[in-house]
Each structure stands twice: as structure tokens, then as C-alpha cells.
Amino acid sequence: MTPESTPILESLHSVFGFSSFREGQEPVVQHLLNGKSVLAVFPTGSGKSLCYQLPALYFSGLTLVVSPLIALMKDQVEFLKEFDIAAARLDSTLSREETKGVHLDIRNRKLKILFAAPERLSNERFIQVLQGQMIDLMVIDEAHCISEWGHNFRPEYLKLAKMAMRLNARRVLALTATATRKVAEDICREFSIEPEAFIHTGYYRPNLTIRFHVVQELQQRRELMLKRVQENAKGPTIVYVTLQKTSEDIAYFLQSEGLPCRAYHAGMNNEDRNAVQDWFMASDSAIVVATIAFGMGIDKSDIRYVYHYNLPKSLENYSQEIGRAGRDGLPSACEIFAAHEDLIVLENFIYGDTPEKKAVSEMLAFLFAQETLFDISVHELANAFDIRPLVVNTLLTYLELMNLLESTQPFYSSYKFQLKSSFEEIYLRFDSVRTEFLKKMFAHAVRARTWFSIDLAHTAEAIQEDRDRLIRALQFLEEEGHLILQTSGFRQGYRIVKTPDDHGLLEKKLYSQLVNNESLNITRLNHVIELVNHSGCKVRFLLKYFGQNRNEDCGHCGWCLQEKNLDFERNSVPFTGIGREQLRALFEETALTSARQMARFLCGITSPLITKKRLRKHPSFACLVEVPFANVLKSLEILLD
């Protein structure tokens, strides 16, 4: 069957309401129907979802969509259900009963399309449910996260290629709106995508006007922001900021001027964030002041304005964020208001991810001192060695890629259950063999007031049964309504494949990779400054960065419209005000032990150790927040010498 065949075109029209394919969609569908894996790089809002929704109708098995975007999952499931396409999602917003229902539908093969977060594929209960299912298509949304060269590298994405093989996925569709040449190469290599199955439609958006302004004072930025919003015609608007506090401050400022505005950031609870999203989706004039998470996966075609109150952290982020404007093809405006303070905040985020070299060494020594089979908690490692959890995950992934460690099954260390039926009622439903097994298992459950806890590792060893059988039994009893099951204490199992010959060399190599990542992210930030300062067509500069050449100026960016703005020049604030005696006193008060830890503390950058010691309440925390981290670190190293 091909996209030109009558059934495909009929489905395109009757199910999705389209008379023809958009650019790029047809070859993607063609390759998938032919059994090939595909990488599709389409601009935001150009119809990536249809590329898996349509062929999924013609696959006999399940289409598994892996996406970090809860809003996208929610919208897509609601859309598909309107057309009687069996779809479901698994994410953190579902209740226990809803999750249980989805698991049951998967087991009974009732679903066509299932949406799940990448972290869900580290959930042993979910893997148990998926195994044995026929997965005709595995979709990797935001696929650029798989590449260290990408702007949003996520270690768990590196494991998706192995998971696709483990689940026997027949084909893979990798989707992203932003991928440089290097990132695209990484994605194609990981998923064995052939060159002809890399479909790229380009990044040019002729309906977007992009403008840039450098401001010297924060009050000037507020006034310019307000002026823009008031002078432009009303329309759905996103104002992007870096910090949660800025989101709330600017939203309050715009509200005080009588504008329909709300804040949105990760510090809000799910209910409040969902309320803001729903309000924004239903409005033709709403303004949301948000950190970068807002807009991802939200299918609103009439966003007229996207403002960056703070600098974006990379051109990839910038391209993705302005891509949310004008998806309906109508004229839309995007504008950056850049200030020197932005650069320091963004650089500090980057520098805060790089741990102590000594911490990396100590973590490696700990890992390779374990038994051949062992398990760890990322949270515990982060606290023990003062390394941020994302970086702990990255280091563990590197060790897997070096074939020194091999991840085994992830699991929960703690299982709890609450009975809905008595033990006697449960036993009556099974034959004598299964009843004897259940009695042995439940004999090791410890009762509190209403919940029983059970150590599965200890129980499995005590009754000489496989741990997986215990899990399957508990899941079955939950599905049958006999108990409510809760899990906690997520741990990842590992096997030591090979002990490193030279720990010092390994430590040096891993730390070098972390420093290189730091340098790469600083370079990405500098590319944003280069775009702001570029004397020429801004659109051509942006397209060239993504490997797309345009032979003529766009005619609709700030430069082409002959707008002038101040050049963005780095303000190098000197390190002053702390002498050796004061520094010595700070080390004693905080119990910090190195120049990098102290630099984080003074610049207001959190770490597991700073959080654990509650040092954010110390009067000197963030006292040098306006000084570049690199300046503080260098000066501290000189003072400590």
C-alpha cells in the first residue's frame, strides 16, 4: 500500500480532514508503509503528528509514541478519540485507576496508539506490560535529545535505540523540529536510518517577522515590553523568560497594566499549569509569561506574538520557540529584548552542571567497588558526591557506551499494597499450586495501619521464586481489583562488564567529556549573541546555522527592515569584596571544601550539597550573582593558592 492508494487518501480525508499531504509528509508515510525507519525534521507546527497517526491505522500492532511533552500527549489522545481511534497516554497526571485501565487495554490489545514519556521505559511495570505486544512502529518525539550535540541532550534518550530492539519494534520514526547536521547524523546512526529516509523540509518561515533589541537597563526592558504589547493588535502571546521569579514578576507587571496575563513555570503544581494552558488555548488575546517548557506540544495555530524577555540559551531553542508563532500561516511577530544580565544567568546554569573532578573520581571508585550485579539510586549518588542528577545519569550512560557497565532491569525497591479483598477471598480464586505461591509471598508482607509493605528481593530469595513472578502476581491482583499497588524507591540495576584498567585515565576521559559539554553549551549561547549582533539578514544567518543556504535576504527581519539596535557587548563585572580572611570564614561556616563549590555558592548556583546543607538561606548565598561564574572561580583559585 502506498500514500497514493485510495484507502490512504480516503483516511487522510475522512479521518483527518485533509485533501492532500503537506510538504514532507508523503515520503515519510511511504517509507513507514514500506517497513523502513525514518528521520523527519519538520518546522514546528508543520504536521509531524500525521506522519505516525495515518500509517498507524494500517498496522495490526501497536504504535508507541515516546514523548516528553504531556500537553502533546493529552491533545493528541483527545483528537484521536474524536475519530474513534483507540489511543491512550501514560504520564504523571493520571490517577492510579486510570493508569491501571491503560495497562489493561495494552494487555488486551485494545489500543492502536500509546503515548508515553521516555522515563516510562525505565519502569519495570510498564516494560512487563509491553513485552509480548507487537509494536509495529516506535515514534521518538523530540529526537534531538538523543544527541550530545543537541541543545537538549537527555541521557535516557540514548537508551531508546536499545529499547526499540528489546521490544522488537518493526520500524522507528524519529521526529524533531531542530537538528543540525551533526545531530541528524547521530539520530540516523542510532536508529539505523538510511540516508534516503532522512526527510528534511527546511526551516524558513516567511510569515514571521523577527526583531532584536539590546537594552541597557531593566526598567527600559519592561517599558519596551509593555509598549510592544499595547501598540500591537490583540492576539495570543507568549513571553519567554529564564527564571520562575521573572515569570511571576512580569506577569504581575502586565496584569497591573490591565492586560490579560498569567505566569507559567515548573514551580507551579500540575493543576495550576493545566489551568493556564486551558485558559490560553481558549483565548484569542491571552498573554502567558513562561519559562521554556510552555508551548511544547501545545497545538495552537493562531499565536501572533512570541517575545523573548530574556535571551534564549541556544539558536535551537530560539528556532523552536519562535516556531510556535503563526502556524496558521498568517503574519506573526517575534522579538528579543536582550540585556547583559541574561548572559550571566544562562552561563551560570551551564557552569553549575560541571562537577568537581574529585567527585567524578570518587563516584567511579564507588561504582566499581560493587559486586558484579548491583543497583543504585541516582538521587542517592547525586547527594553522596555533589553531582547534579542529570550529570549522574550522563556519566552512567557514558560508562554503558564504553561497555564498562550494562544496565539491567530498573525496579522499585519498595512495593506497598492495600487489600480490597481479604487474603481468604483471594486464595479462593486460584488452584492449590497458585494459592500456595501467594501464601508464601504474602507471608513476607509487613502490615502497617492499612498498607502492607513487601521487600521483593528478600521475598524472592526466601521463597526461591523469580522476582518477576512476584511482580506479575501483584499486578494481576491489582488488575482484578483485589488490591491497590504502590511503588517507590526507584533504582537502576547494573552489571559490571569490565573493570577499567586505569581508573585515572577513565576519570580524565569522563571529566573531559563533561568539560567539553560545558564548552559546547557556552558556544551555543555565544551563537545567540552572534545572531543579535549580526550585520546582515538575520534569517539567512539562522538558516545557515542549520545547514540551509538562502541566496537572498528575507525582507522581513529587523535588519532587512532597517532597524538599528545596540551591539550586545559582554559586561565583565570584576570579582571584588572578598578577601582571604572572609573567604576562610565562609569555608568554615558552610563546610564547603573547594573553589568550584564556593563559586557556585557565591553565584547563587544550587547543587545537591548546597541544597542538603540548606545553604540557600545563608546571607552570603548569591552575593556575587551579577559576577560571571568564570571570574569568580578564577579569583577563588588564585586566593586559595
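Taken together, the values in this text are just the output of simple stated rules run on the coordinates, not laboratory data. Keep in mind that what you see is a predicted model, and the values were worked out from it rather than measured. Cβ coordinates were reconstructed from backbone atoms using ideal geometry, including for glycine residues, and neighbour counts include every protein chain displayed.
Charge dipole of the chain (Cα centre as origin; +1 on each Lys and Arg Cβ, -1 on each Asp and Glu Cβ, all else neutral): 380 debye, rounded to the nearest 20. Beta bridges from DSSP with both residues in the chain: antiparallel share about 30 percent, rounded to the nearest 5. Answer rounded, prolate or oblate for the stretch 278-426, using the Cα gyration tensor with square roots of eigenvalues a ≥ b ≥ c: rounded when a/c is under 1.5, else prolate when a/b is larger than b/c, else oblate. Oblate, since a/c reaches 1.5 and b/c is not below a/b. A straight Cα-to-Cα reach below 16 Å connects Lys182 with the lysines Lys544, residues fewer than 8 places away in its own chain not being considered. Normalised by the number of residues in the stretch 580-640, the average gap of Cα pairs under 8 Å and 6 or more apart makes the relative contact order 38 percent.
The value of relative contact order for the stretch 6-200, using C-alpha pairs under 8 Å at least six residues apart, is 30 percent. Cross-linked pairs Lys159/Lys498; Lys100/Lys416; Lys313/Lys613: Cα-Cα separations exceed 18 Å for Lys159/Lys498; Lys313/Lys613. Sorting Cys261, Cys51 by the number of Cβ atoms found within 10 Å of their own Cβ, with the fewest placed first, yields Cys261, Cys51. Considering helices alone, the calculated mean residue ellipticity of the chain at 222 nm is -13000 deg cm²/dmol, with DSSP H runs of length four and up weighted by -39500 (n - 2.57) and normalised per residue. Ranking of Thr209, Thr611 by neighbouring Cβ atoms within 10 Å, starting from the fewest: Thr611, Thr209. Set Lys and Arg Cβ to +1 and Asp and Glu Cβ to -1, take the dipole of the chain about its Cα centre, and tell me which of His200, Ala384, Pro68 lies farthest positive. So the residue furthest toward the plus end is Ala384. Ranking Val215, Leu474, Thr291 by how far each Cα lies toward the positive end of the dipole of the chain (charges on Cβ) leaves Leu474 at the top. The residues Cys537, Cys603, Cys560, when put in order of fewest to most other Cβ atoms within 10 Å, stand as Cys560, Cys537, Cys603.
Within a straight-line Cα-Cα reach of under 17 Å, Lys358 can be paired with the following lysines, leaving aside sequence neighbours fewer than 8 residues apart in one chain: Lys508, Lys509. Evaluated with a Cβ-only charge set (Lys, Arg +1; Asp, Glu -1), the stretch 580-640 carries a dipole of roughly 260 debye about its Cα centre, given to the nearest 20. Placing +1 on each Lys and Arg Cβ and -1 on each Asp and Glu Cβ, with no other charges, gives the stretch 6-200 a dipole about its Cα centre of roughly 520 debye. The gain in end-to-end length when the Glu271 to Glu371 segment is fully stretched comes to 31.6 nm, 0.36 nm per residue minus the alpha carbon separation. Each Cα pair under 8 Å and six or more residues apart adds its sequence gap; the mean of these over the residue count of the chain is a relative contact order of 13 percent.
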